[in-house]
Structures are given as C-alpha cells and as structure tokens.
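The values are calculated or read from the model by the stated rules, or taken from the named source; none is laboratory data. Because the structure is a prediction, the values reported are computed rather than measured. Reconstructed Cβ throughout: ideal geometry from the backbone, glycine too, with neighbour counts over all protein chains shown.
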Amino acid sequence: MKKIVNSKRPQFNFDYIQQEIIDVLEHDPNIDEHLMFLATIKEMLRYEDDWARQSPKFIGDYYFPLEEVEEIRHCENFCEPYEVYCELIRVYYLLTNQHGKKIFHKMLNWFPAKNKKYIFLNWPNDFALSLFYPEIVKGNVYFEDIKTKQKFHVVDRDDLLLTSIKETRSPFLSLLVPTDKKFITDMILPCENFAPISLDSADNLSKRNWESYLLHWYRENLRRSCLPS
C-alpha cells in the first residue's frame, strides 16, 4: 500500500555531513550537541536504505495511506503539522523499534560528539512521549504529562518554547529526550481543535500502548480537522 513517505532520496555523502557537524561543534561554542544529535537522527533516517521495508507494520501503523489524505495532503493546515508528526515518528522508530535501535546505535557511533554519547545511550530508555500541558515557573519551562502528571524541566533555547507555549493552556503532543540535567525537544504539535482524548480508556495501558493510542488519536484528529466540512 502506498504511504506518505519519502521514497525518492538524493545521494547522501555521510562523510561530508560528518565533517560539517565536526566543524560546527568545534567552532560554535554555543551549539547544543543534544539538539544537534536529535535533528541529525530524525533527518538522516530518511537516507537509511530500506528502513521502511524492514518494518512495514510500523509504517502501516503510524503513517497515513495516501488514499486516506489525498484531498488534504497539500493543505497547509495538514501538511505542516504532519511533517512534524513524521519527524516525531522517525525518532520514535529509532528509540523503540528493534531494527530502529540498531540504526540508532549506528548513528550514535558515527556522530562526532563523543563526550555526550553516554547521555544519548539512555534516550531509548528515558524518552517521554505524551500529551503535555505547559507550565512556566519563574521563566523555567515545564511539561506536565497529561496522564502521569509527571513534570519535565525542559531546556528552552533562545526562548523558542516560551514563545510558542506561553499563551496556551491546551495540551500538545511532544517527544522529550534527556540531557545531563533537563529534557529537550524540537517537536511540538498543538491539539487545540481536537476532540478530547479519553484518559479513562488509557488508564490501564502500558507505556508503549499509551504511546500507540496517543499517536493514533493525534493522527486521526489531524486528518479529521482538515477535512472539508
């Protein structure tokens, strides 16, 4: 079944990209190595040969079949959040799927920031994927998990998160990964116009089943919200 995934990939020179990353790490003292690795793994998975064919069930579970979104796939209200959703799904694949974890460790060995690798190694065990409420305390940003009520202290680079969430009390979908002290993300998906999620239905779900339930809830609500009335 045809899916909305990138089937045509340009030739990719990994040695060149690695050297570019080394140059940035060496010459920009303010670079956040955690965010750089996060951005690297979610983009470079697109260039990993056959990753989708190795895990057809995962692809079928989380990506839309083309025919289901044919009439809205070029709509701005759909395609922009769906692209962020796909980025989140790629990271989720690397952190949870058996084949994805092998790719994750291969990318980790390839990534030049050796002093942070002990932190990155914990990402598959310590990431958080959920709906969160924002909370700002004395300029510090916290994400409160809507299900567990756990609060995550989140790194806010250049007030980007503060700007995007300070005026909302609506929950949003995100995937957080740990640094040495706080958590980071560059994937925030608002859910203001979505039907409320049923937490009663999720009470007894395991962590992985809750994540799957949540991703399907987001995907279906996104599609529904963009369909013509």
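Worth pointing out:
- In segment 189-229, the residue that is nearest to ARG73 (Cα to Cα) out of those that are among the small types (Gly, Ala, Ser) and surrounded by 12 or more Cβ atoms within 10 Å (Cβ to Cβ) is SER225.
- Selection from segment 157-188 of residues that are modelled with pLDDT of 85 or more, farther than 14 Å from PHE127 by Cβ and crowded, with 18+ Cβ neighbours inside 10 Å: PRO171, PHE172, ILE188
- Residue ID - modelled with the lowest pLDDT, chosen from residues in segment 64-97 that are in a loop (DSSP other than H, G, I, E, B) and either in contact with a Pro (Cβ under 7 Å, 6 or more places away or on another chain) or surrounded by 14 or more Cβ atoms within 10 Å (Cβ to Cβ) (or both): ARG73
- Given (1) at pLDDT 90 or above; (2) assigned to a helix (DSSP H, G or I), index of the condition PHE152 fails: (2)
- Counting only residues that are buried (at least 18 other Cβ atoms within 10 Å of the Cβ) and farther than 18 Å from ALA39 by Cα, segment 98-144 holds 6 of them.
- Filter result (hydrophobic (A, V, I, L, M, F, W, C) and assigned to a loop (DSSP other than H, G, I, E, B)) within segment 179-219: MET187, CYS191, PHE194, ALA195, ILE197, LEU205
Results for (1) under 19 Å from the mean Cα position of the chain (by Cα); (2) assigned to a helix (DSSP H, G or I); (3) closer than 18 Å to TYR93 by Cα; (4) at pLDDT 95 or above, shown as yes or no for each residue.
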| site | (1), (2), (3), (4) |
| --- | --- |
| LEU108 | yes, yes, yes, no |
| ASN115 | no, yes, no, no |
| TYR118 | no, yes, no, no |
| PRO124 | yes, yes, yes, yes |
| LEU129 | yes, no, yes, yes |
| TYR133 | yes, no, no, no |
| ILE136 | no, no, no, no |
| VAL141 | yes, no, no, no |
| LYS147 | yes, no, no, no |
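- Restricting attention to segment 41-61 and to residues that are among the charged types (D, E, K, R) and more than 15 Å from GLN98 (Cβ to Cβ), the residue that is surrounded by the most Cβ atoms within 10 Å (Cβ to Cβ) turns out to be LYS42.
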